[in-house]
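Shown next, in structure tokens, is the structure this report addresses.
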Amino acid sequence: MRPPTPQPPRRPSRPGRGRGRASSSASERRKTPTAPRRSPAGQHSTHQRSSEEPDPASRRALVVARRERQRRRSRSRILYGATFVVAIALIVVGLRFWGFHPGFALPLTGDTTATPSPAAAEAAAESHAASPTAAPSSTSSASPTPSASTLPAPRLDAEGFAHSDAVGDGTWTIAPAVPVSRPAAGIVYRYILQVEGGTHVDATAAASIVESTLNDERGWPTAQNTSFEPVADPAAADFTFNIATPPTSDALCSPLDTGGMWSCRNANNVVINSDRWNWGAVPYPDVDSYRTYVTNHEVGHFLGHEHEFCAGAGLKAPLMAQQSHDIAGGCVYNAWPTQDNQPG
């Protein structure tokens, strides 16, 4: 009998791998990602901040920047508004100072009645300044208006200026075209003369005074080689010479402030206040010489001359100086452009 063959010893058995049991081997352990912890409400824990959520400091900086932009915009609006208001105020004051305003101009019509109508106007008005004294000088070639003796007694103000308180009756009388007293010189300007009802001014008498003044050799014919021809047809006239009551003079000169006392040139209208035509002005010794002055002065504005100033005490004032209220600089009165700044 063969002896039994010895069997190799068996290896010890390994722990069984039963189903549902995890391997204890370190090499076979699987690492599983750790889920973020959640709060009891199922949200991410607040100690884990999202990278997309802005920092509170940045949020505050944005709010501050937004408020600063709003303040800048508010300041800019206030600054622009104030600048605009100041600019408008300066423009208005400047226009009023220099006398460039739109105003009323009398239309050149053939009717004997007329009312002021709005029109753009660049006017040169008589304004007034300085000492009320004046020494006598030359006399006018004009003669008194025949109706002067029928004038009502005027009301005198504290400075000695006469006022009638007359109000126009709405009618206008166009004066006849009187013959020209001198041969025409250089450029000839044609004009009509019309007088408002209620002024106590005779249109025919005034026409002779104005024509002889404008064509006098001491006046614009010599100073500017210009002469003037009165006409009766408004369509043929270059300008209108108006003698009007104080309220109508103010309306025709508006927006220049003539204060019920003064005369002006407004566009193609020379406007003479009837109180000044009838009673003159304090700086002048008589009515006739003042009529010469105011006629030449306002027509001088029509010719394009601006205001001038006294060249020295004792000299005759330039015709284009303002002489109706007083005469500045110590000059004496002067009604003729050829005698400007001559010894008084």
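Things worth noting here:
- Residue check for Ala203: under 15 Å from Glu298 (Cα atoms) and touching a Leu at 6+ places or on another chain (Cβ under 9 Å): no
- Within the range 203-222, residues that are closer than 15 Å to Ala175 by Cβ sit with their Cβ atoms under 6 Å from residues that are part of a helix (DSSP H, G or I) and at pLDDT 95 or above, at 6+ positions apart or across chains, in these pairs: Val210/Thr295; Thr213/Thr292; Thr213/Thr295.
- Selection over the range 277-291 of residues that are within 19 Å of Ala166 (Cα to Cα) and either in contact with a strand residue (DSSP E or B) (Cβ under 7 Å, 6 or more places away or on another chain) or among the hydroxyl-bearing types (Ser, Thr, Tyr) (or both) gives a count of 2.
- Being surrounded by fewer than 19 Cβ atoms within 10 Å (Cβ to Cβ) and of a type in the set (Val, Ile, Thr) is a property that Val231 has.
- Pick from the range 261-307, criterion under 21 Å from Glu159 (Cα atoms) and charged (D, E, K, R), ranking: surrounded by the fewest Cβ atoms within 10 Å (Cβ to Cβ): Asp286
- Close pairs from the range 323-344: first farther than 19 Å from Glu217 by Cα and at pLDDT 95 or above, partner outside any loop (DSSP other than H, G, I, E, B) and aromatic (Phe, Trp, Tyr), Cβ under 9 Å, at least 6 apart: Gln323/Tyr290; Gln323/Tyr293; Ser324/Tyr290; Ser324/Tyr293
- Taking the range 220-283 and the helices (runs of 4 or more DSSP H) fully enclosed by it, the elements with 2 or more residues that are at negative phi, in contact with a helix residue (DSSP H, G or I) (Cβ under 7 Å, 6 or more places away or on another chain) and at pLDDT 95 or above are at 220-224, 274-279.
The values are calculated or read from the model by the stated rules, or taken from the named source; none is laboratory data. None of these values were measured; they are calculated from a predicted model. All Cβ positions, glycine included, derive from the backbone under ideal geometry; neighbour counts span all protein chains shown.
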